[in-house]
1. In the set 19, 35, 49, 75, which member is crowded, with 19+ Cβ neighbours inside 10 Å, part of a loop (DSSP other than H, G, I, E, B) and not aliphatic (A, V, I, L, M)?
2. Mind listing whichever residues of the stretch 108-129 are in contact with a strand residue (DSSP E or B) (Cβ under 8 Å, 6 or more places away or on another chain), assigned to a helix (DSSP H, G or I) and over 22 Å from residue 237 (Cα atoms)?
3. State which residue pairs qualify: first residue at pLDDT below 95 and inside the stretch 173-187, second residue open to solvent by less than 10 Å² (accessible area, probe 1.4 Å) and within 16 Å of the ligand (Cβ to nearest atom) in any location, beta carbons under 6 Å apart, and separation of 6 or more residues or different chains.
4. Could you please find all residues in the stretch 220-238 being open to solvent by 20 Å² or more (accessible area, probe 1.4 Å) and within 14 Å of the ligand (Cβ to nearest atom)?
5. Within the stretch 122-141, work out how many residues are of a type in the set (Ser, Thr, Tyr) and crowded, with 22+ Cβ neighbours inside 10 Å.
6. Out of the helices (runs of 4 or more DSSP H) lying entirely within the stretch 320-398, which hold 3 or more residues that are open to solvent by 20 Å² or more (accessible area, probe 1.4 Å) and of a type in the set (D, E, K, R)?
7. Go through (1) closer than 22 Å to residue 250 by Cα; (2) part of a loop (DSSP other than H, G, I, E, B); (3) touching a helix residue (DSSP H, G or I) at 6+ places or on another chain (Cβ under 8 Å); (4) not small (Gly, Ala, Ser) one by one and return the number of the condition residue 61 breaks.
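The values are calculated or read from the model by the stated rules, or taken from the named source; none is laboratory data. All of these numbers come straight from a predicted model, not from anything done at the bench. Glycine gets a Cβ as well: all are built from the backbone with ideal geometry, and neighbour counts include every protein chain shown. Protein only, heavy atoms only, side chains kept; ligands, DNA and RNA dropped before computing areas. Shrake-Rupley method; radii C 1.70, N 1.55, O 1.52, S 1.80 Å.
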Amino acid sequence: MSNNDFYTYQAQTSPHPLGLEVSHAKGSYIYDQDGNAHLDFVAGVSACGLGHSHPRVVEAIKTQVDKYMHVMVYGEYIQSPAVDFSKLLASHLPDNLETTYLVNSGTEAIEGAIKLARRHTGRSQIIAAKHAYHGNTMGSLSLLGFEERKSAFRPLIPDIRHIEFNLESDLDKITEKTAAVVLETIQGGAGFILPKEGYLEKVRTRCTEVGAMLILDEIQPGFGRTGKLFAFQHFNCPPDILVIGKGMASGMPVGAFVASKEIMDDLQDHPKFGHITTFGGNPVIAAASLATLKELTETNLIQQTLEKEKLFRKLLVHPLIEEVRGKGLMLAPIMKSKEIADQVVMEAAKNGLILFWLLFESKAVRISPPLTISMEEIEAGCKQIIAILDQLKPTTVN
Ligand SMILES: Cc1ncc(COP(=O)(O)O)c(C=O)c1O
């Protein structure tokens, strides 16, 4: 294959793709066509929590493919991978999060969640946070808290308001008119920003007071990345609707939203087919999701993320790193400048270490490795980052 084919025949998302030509991937490594191993500190942007081609997931997929693949649209036939996954998931969630709607991507799960909130409350207003990222279809894009990236696509869906994440005085903007407040439990694109102590609890209380639904987007921090199966379990703020995806199926395309049976039932009538999808709940992907959830909950991988975080924090100390934000294996060293962050990502790429950026925080370097990464791999990667910083040209630093 010529590299030009990629630029010509495949639609591009930016003028400067990284352009690594992949041969195969296993564990913490992606291998290029020349046989070079690239240590993966990004994990497909938080999607490969169990690393690449985890044997338990691969086996579950192969077993399912041999039985059947797509047989019917979502919601008509009883297909055990989807049922078993949804039941196991419910056993790890608070009682009100009992019923799962399986879809194809994170953004579709957000669409489903906001539709469900509007349908359930009979209200239209949705409140999201500034610098929020919830996906790229029209509804999710409407929630995006970054005008520069959405103004070209207006008009978007109406009746969206934004509040400042972590600003308690903004909570009185949540009123009896509000159908739902949609927040990332930990803000991703904004720079891996944690909720302040008590903030999400106060959002929860305010939503309950005014009858608005709390929708938490755990597409990125979910499935163990922050030391609990879901990040909201660190804070006292059970959502009415939980939105998940990314790491859920170890690298297969997926999303889901979870609510009480009573709330979810609103999508089945008046109008019926309130949300429908051909491939949602696909048995192969559900089998991968089930194997992933079993692996995460039957091993101590999730607890280990906090030990691994400590090692990252111990090693990522340098005068050019202002701070390290995030939690567990969702970490963002914030460099002294955007130029330094760019150089670190690009130099690392040349030297076999995969790093990436965050959407809206230009000084951040993304570190979201597989949860299965070893202590030795963390040490090797961090050593490279520090070496790159040590050698930065003075022009970049000043
Ligand atoms: C917090 C959050 N929400 C939603 C999405 C959208 O998910 P998807 O790309 O699967 O549509 C993402 C993806 O990066 C995300 O990080």
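1. Values: 19 fails: crowded, with 19+ Cβ neighbours inside 10 Å; 35 fails: crowded, with 19+ Cβ neighbours inside 10 Å; 75 fails: crowded, with 19+ Cβ neighbours inside 10 Å.
Answer to the check: 49.
2. 108
3. none
4. The one that is open to solvent by 20 Å² or more (accessible area, probe 1.4 Å) and within 14 Å of the ligand (Cβ to nearest atom): 220.
5. Applying the first criterion (of a type in the set (Ser, Thr, Tyr)) to the stretch 122-141 yields 124, 133, 137, 140.
Now drop any that are not crowded, with 22+ Cβ neighbours inside 10 Å, which leaves 133, 140.
Residues meeting the conditions: 2.
6. Values: elements: 338-350, 375-390, 394-397.
So the answer is 338-350, 375-390.
7. (2)
Residue-by-condition table, conditions (1) under 20 Å from residue 139 (Cα atoms); (2) small (Gly, Ala, Ser); (3) away from the ligand (no atom under 16 Å from the Cβ):
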| position | (1), (2), (3) |
| --- | --- |
| 240 | yes, no, yes |
| 244 | yes, no, no |
| 249 | no, yes, no |
| 256 | yes, yes, no |
| 292 | no, no, no |
| 297 | no, no, yes |
| 304 | no, no, yes |
| 307 | no, no, yes |
| 313 | no, no, yes |
